[in-house]
Amino acid sequence: MSSTPKNLENPHLFARRSFLGALAGGAAALVVTAVPRTAHADVQSRIRSMDRGSKGVTFYLELESAPFPAPGAGYRDPTVIVYVPSHFRYNPHERLPVVVHFHGINSTAEGAMNGNQLREQLFDSRQNAILVVPQGPKNAEDTSFGKLQQEGGLSAMLHEITVLLHTREARRALGDAAVGHGSERAHIGLVCLSTHSGGYHGVAGCLQHGGVEVTEVYLFDALYSDTEVFRDWVIKGKGRSQRHRHKLVTYFGGGTTATQSKLLRTQLEKAGVKCASEHKEGELSRGDLTREEAIFVQTSLSHGQVTWESNALRDCLFASALPRHIRSSWFHDKDSSRPIDTRQEKK
């Protein structure tokens, strides 16, 4: 779990320095648009390991389209973690719904996944989607996400994941939760991006250059900068249907994230975006979380707790446009103030 990003109190300078460092290769910078052709054995070997349990299968992949290595950056770890819940069932009409989470500074993909209970919250939401957690700068005060901030980077990573999840080894491990339809590899469907803390810069880069239509974004005490990117993205989808609009949820405590969240709400309301906010968690109903285009939640939780302590990610997923095939009582009495339930920290 990442600590409060002290360098982000000067977010514009820090984000610019991180981004320029990632692109230091200049004209030689790599633009990832497709997965290189490899032999089947080589593709299979990119599944480094997997964990199987009653709640699903977690794959530890080494991808050519991972954020790193990247030109001009010193990070070398190509890990991308993919979790497929046991209740997942692939539907070719829905394609493959995906939640991509960007970890914060001074953290790792695995540390964020475990510390923020990302798998558990997706499982509890009962949504029919998979979770992807790419490894960014490892235990570093750096907001860059390498190749994911380059043209087509997110599209390339998600495409490579569908290739690996369709291998014999992955399909055997997943059983009924296999990703794909018979001999046909899955195609990417609805995409949601999530982040805690300094991962905001990677999300913003994907909104600008990812090559994939993103439907929803969840910022957990993470709106330090790139506010204009999130503003323009939300406005671009204003007034569309739930599955095609651009929905933003931002949780914030104090300091920079509070200031930027209030600024963003003012700008979005001026542009005619339907916004909702609460000064104490639970004031908004579950219906409000579902209907509105931009939602601003002030939280009293600490920076490290905001993603998981009150099931924030789970509730964002419940209220999302993601498909669900399992019944849930979450929407019972949906127009009353929603109850806040907490979860135990994973030991």
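The combined condition, being under 21 Å from Asp335 (Cα atoms) and modelled with pLDDT of 95 or more, is fulfilled by Glu293.
Checking the stretch 335-342 against the condition returns a match, with at least one residue being touching a residue at least 24 places away in the same chain (Cβ under 8 Å), touching a Gly at 6+ places or on another chain (Cβ under 8 Å), surrounded by fewer than 19 Cβ atoms within 10 Å (Cβ to Cβ) and hydrophobic (A, V, I, L, M, F, W, C).
What about Gly255, is it within 19 Å of Asp226 (Cβ to Cβ) and either of a type in the set (Phe, Trp, Tyr) or crowded, with 19+ Cβ neighbours inside 10 Å (or both)? No. Looking across the stretch 224-254, the residues that are of a type outside the set (A, V, I, L, M) and part of a helix (DSSP H, G or I) come down to Thr227, Glu228, Phe230, Arg231, Asp232, Trp233, Lys236. It is to be established whether one or more residues within the stretch 111-120 are in a loop (DSSP other than H, G, I, E, B) and either of a type in the set (Gly, Ala, Ser) or at pLDDT 95 or above (or both). Taking every residue of the stretch 111-120 in turn, at least one turns out to be in a loop (DSSP other than H, G, I, E, B) and either of a type in the set (Gly, Ala, Ser) or at pLDDT 95 or above (or both). Only one of the listed residues (Leu301, Leu263, Leu322) is closer than 30 Å to Ile188 by Cα and in contact with a helix residue (DSSP H, G or I) (Cβ under 9 Å, 6 or more places away or on another chain). That residue is Leu322.
Total residues in the stretch 268-289 satisfying the condition of being surrounded by fewer than 18 Cβ atoms within 10 Å (Cβ to Cβ) and assigned to a helix (DSSP H, G or I): the figure is 3.
Only one entry in Thr4, Thr38, Thr33 is surrounded by 13 or more Cβ atoms within 10 Å (Cβ to Cβ), modelled with pLDDT under 75 and over 23 Å from the mean Cα position of the chain (by Cα), namely Thr38.
Give His93, His87 a once-over and let me know the one that is without any contact (Cβ under 8 Å) to a residue 40 or more places away in the chain, farther than 28 Å from Ser302 by Cβ and either part of a loop (DSSP other than H, G, I, E, B) or of a type in the set (Lys, Arg) (or both).
Matching residue, one of His93, His87: His93.
Please verify whether Ala140 is assigned to a loop (DSSP other than H, G, I, E, B) and surrounded by fewer than 22 Cβ atoms within 10 Å (Cβ to Cβ), treating the condition exactly as stated. Yes: the conditions hold for Ala140.
Can you tell which of Ala173, Ala186, Ala222, Ala178 is crowded, with 17+ Cβ neighbours inside 10 Å, in contact with a Gly (Cβ under 7 Å, 6 or more places away or on another chain) and farther than 27 Å from Ser310 by Cα?
Only one candidate qualifies: Ala186.
Leu317 - would you say it is crowded, with 22+ Cβ neighbours inside 10 Å, within 17 Å of Ala112 (Cα to Cα) and of a type in the set (A, V, I, L, M, F, W, C)? Before the answer, list the steps.
Numbers: crowded, with 22+ Cβ neighbours inside 10 Å: yes; within 17 Å of Ala112 (Cα to Cα): no; of a type in the set (A, V, I, L, M, F, W, C): yes.
So Leu317 fails the test.
Taking only the stretch 44-61 into account, find how many residues are in contact (Cβ under 8 Å) with a residue 60 or more places away in the chain, surrounded by fewer than 17 Cβ atoms within 10 Å (Cβ to Cβ) and either of a type in the set (Phe, Trp, Tyr) or not in a strand (DSSP E or B) (or both). Adding up the residues that qualify gives 2.
Checked against (1) touching a Cys at 6+ places or on another chain (Cβ under 8 Å); (2) of a type in the set (Ser, Thr, Tyr); (3) surrounded by fewer than 18 Cβ atoms within 10 Å (Cβ to Cβ), Ser194 passes all but a single condition, namely (3).
The values are calculated or read from the model by the stated rules, or taken from the named source; none is laboratory data. All values derive from a computational prediction rather than experimental measurement. Counting neighbours? That spans all protein chains shown, and the Cβs are built from the backbone with ideal geometry, glycine included.
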